[in-house]
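Everything below concerns the one structure shown next.
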Amino acid sequence: MDNASQPASEIQLQHEAQSLLKLAETDRKSAELAFEKLGFDRQLETALALTGDELHEWLMLSHDLTELVRALPPEHLHHAVRLIGEEDALSLLQAASSEQMQQLTDIEWFTEGKLDHKKVRRWLELLMQLNEDECDQALQGLDVNALAHFLRNKVKPAIDRDNLLLALHLNQRYLFTPDDLETRDDLARRFMDFLYAVDRDLFGEMLGLLVGEEDEVVEADMQAGREDRLLQRGFPALAEAEFLLEMVNASAYGIVWPHAVLPSPLEGEATRSLQTQSAAKTPFLLSALAWGRASGALGERTEREFVKESAALANSLLLAHSKDSGKPENKTQSLLAVQVLSSIALEAVALGSLPSAVEKLKAMELRELFRLGWSLTREVARDAWLLAMDDRIGRAGLERNLKWLPDSVREAVLEAEDMMSWIKIASTASGDPVAKLLTWPRLCRLRHAVDTAQARLLAL
């Protein structure tokens with residue numbers, strides 16, 4: 001958030017922390033003594049007003065940051081780890097409670113709701129850098145079903161499975177060691193050895209799931225447990241952020257990509273009535289709100305609600321992409337992205353008509369418009385990226401960087417690929433005289449260019 005929307009007490013805490021951190025650069029000992037004199041409550045209050053590197057440096061002034069770290073709300077700690085980076089935040093992970101660790105991995109191990117094996121591998125490497133006592137605390141917070149699901153295709157029993165199941169049934173899991181398992185995955189081997197050395201109870205539980213439970217059951221338990229924890233134990237905002245970026249079916253809203261290139265701007269009755277033709281420079285959503293207020297079709301309260309919801313969506317967008325919402329430049333970019341993406345959806349469902357758009361605004365939430373606009377843009381950007389990466393281009397001996405396409409088509413496809421980034425989407429509404437605002441007609445033209453390029457490739 002910007003300074004204007006921050007409580008004065010929070011700004012004061014940030015200024016005091018910055019002064020102490022500046023002192024630490026030249027006189028670390030004096031800064032640490034001053035930090036200790038603040039007392040725990042003031043240290044924690046200040047920590048809650050800081051983010052990213054400043055929070056990390058603040059906590060590192062403590063002789064033992066464990067108590068402070070464990071007093072942080074899980075979402076605050078998670079945001080700090082994301083901004084700092086897992087490797088640089090290892091000291092925070094060492095101090096985290098098992099519950100905080102569980103909540104961190106519930107987010108960090110998953111991509112679009114699915115267990116991301118690359119992310120799990122990176123985190124297991126990090127955990128194995130901790131000493132046994134520290135790691136034992138962290139391991140207590142890991143979802144054993146997620147671990148089992150990750151290891152399922154990497155680890156196999158090296159002994160008779162029936163005897164192993166019988167022993168597990170009789171609760172004799174302590175008889176087994178990593179030598180009773182075989183794997184060709186070096187990380188899996190090192191982790192199983194590490195797990196056995198640190199926590200034999202967890203090793204035995206893991207073995208039971210790997211050998212005695214069906215993979216579908218393990219995965220279902222993993223997903224159900226994670227969803228409950230996200231909603232009930234500290235991550236409602238991030239759960240909402242993940243939800244916002246899920247793709248929706250545009251055809252359910254009656255949206256169909258036109259076969260021909262649309263003119264720009266759309267020549268609807270209401271659009272022609274705009275004397276300044278501002279639709280080419282102003283996001284359609286803002287034009288619709290202004291037209292609705294001027295015509296009396298929308299009340300002031302409705303406009304205020306859209307402004308308020310825009311800010312909430314902008315925060316969610318930053319959270320989903322690990323950006324610091326405390327930086328004004330980030331907040332400005334995310335707000336522009338929300339306006340542009342929502343405008344694309346509104347213009348598509350209203351067919352460019354301002355009266356129709358106002359009626360849609362009465363029936364649809366801004367969050368719904370944002371998800372629809374994100375999905376439409378993402379679809380075009382994804383197809384452009386897949387085209388650029390298509391193996392058939394190399395096999396056909398065509399030039400790199402799509403230079404085999406006509407210049408106008410190539411430029412449009414490259415523009416479409418750029419729309420994979422929400423920051424690039426935001427930049428189209430930056431006010432720069434040379435910036436071309438991303439609108440529904442423009443997105444349709446990019447879609448048409450991608451389709452034309454795909455047809456050319458198929459014809460080769």
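I'd like the GluC sites (Glu not before Pro) in region 27-134 restricted to DSSP loop residues with at most 14 other Cβ atoms within 10 Å, sorted by number. Filter output for region 27-134: E87, E112. Other residues within the sphere of radius under 15 Å centred on the Cβ of A250, judged by their own Cβ, net out at 0 (K and R +1, D and E -1). When the C-alpha to C-alpha distance is required to be over 31 Å, the pairs from K360/K436; K403/K424; K114/K281; K37/K331; K29/K331; K22/K331 that qualify are K114/K281; K37/K331; K29/K331. Rolling a 1.4 Å probe over the protein heavy atoms of region 1-141, with every protein chain left in place, gives an accessible area that is 46 percent carbon and sulfur. Residues H63, H259, H15, sorted by accessible area with the largest first, give H259, H63, H15 [1.4 Å probe; ligands and nucleic acids excluded]. Basic side chains Lys and Arg get +1 at the Cβ, acidic Asp and Glu get -1 at the Cβ, and with that the dipole of region 397-451 about its Cα centre reaches some 80 debye.
Ordered from longest to shortest, the equivalent ellipsoid semi-axes for region 49-99 are 14, 13, 11 Å, each the square root of 5 times a Cα gyration tensor eigenvalue. Annotation: M247 carries an accessible surface of approximately 90 Å², with a 1.4 Å probe and no ligand, DNA or RNA atoms counted. Each part reduced to its alpha carbon centroid, region 375-413 and region 90-114 end up 38 Å apart.
Taking only the C-alpha atoms of region 1-128, the Rg (one decimal) and the largest Cα-Cα distance, Dmax (whole number), read 15.8, 48 Å. By the scheme Lys and Arg +1, Asp and Glu -1, what is the net charge of all other residues having a beta-carbon under 13 Å from that of A459? Residues close to A459 contribute a combined charge of +1. Among the trypsin sites (Lys or Arg not before Pro) within region 61-158, those in coil by DSSP and having at most 16 neighbouring Cβ atoms inside 10 Å are R152.
L398 label point, 7 Å along Cα→Cβ, cut-off 14 Å on backbone N: hits in region 371-390? From region 371-390, the list is 384-390.
Hey, which lysines would be in cross-link range of K118, C-alpha to C-alpha under 25 Å, not counting anything within fewer than 8 residues on its own chain? Of all the lysines, those that pass the test against K118 - Cα under 25 Å, at least 8 places apart if same chain - are K154, K156, K323. In a DSSP loop and with at most 15 other Cβ atoms within 10 Å, the GluC sites (Glu not before Pro) in region 315-399 are E365, E399.
The residues neighbouring L286, those whose beta-carbon lies less than 13 Å from its own, together hold a net charge of 0 under the Lys/Arg +1, Asp/Glu -1 convention.
The values are calculated or read from the model by the stated rules, or taken from the named source; none is laboratory data. Just so it is clear, the model here is predicted, and its values are computed rather than measured. Ideal geometry is used to build each Cβ from the backbone, glycine not excepted, and the neighbour counts take in all protein chains shown. These accessible areas exclude ligands, DNA and RNA; they are computed on the full protein's heavy atoms, side chains included. Shrake-Rupley method; radii C 1.70, N 1.55, O 1.52, S 1.80 Å.
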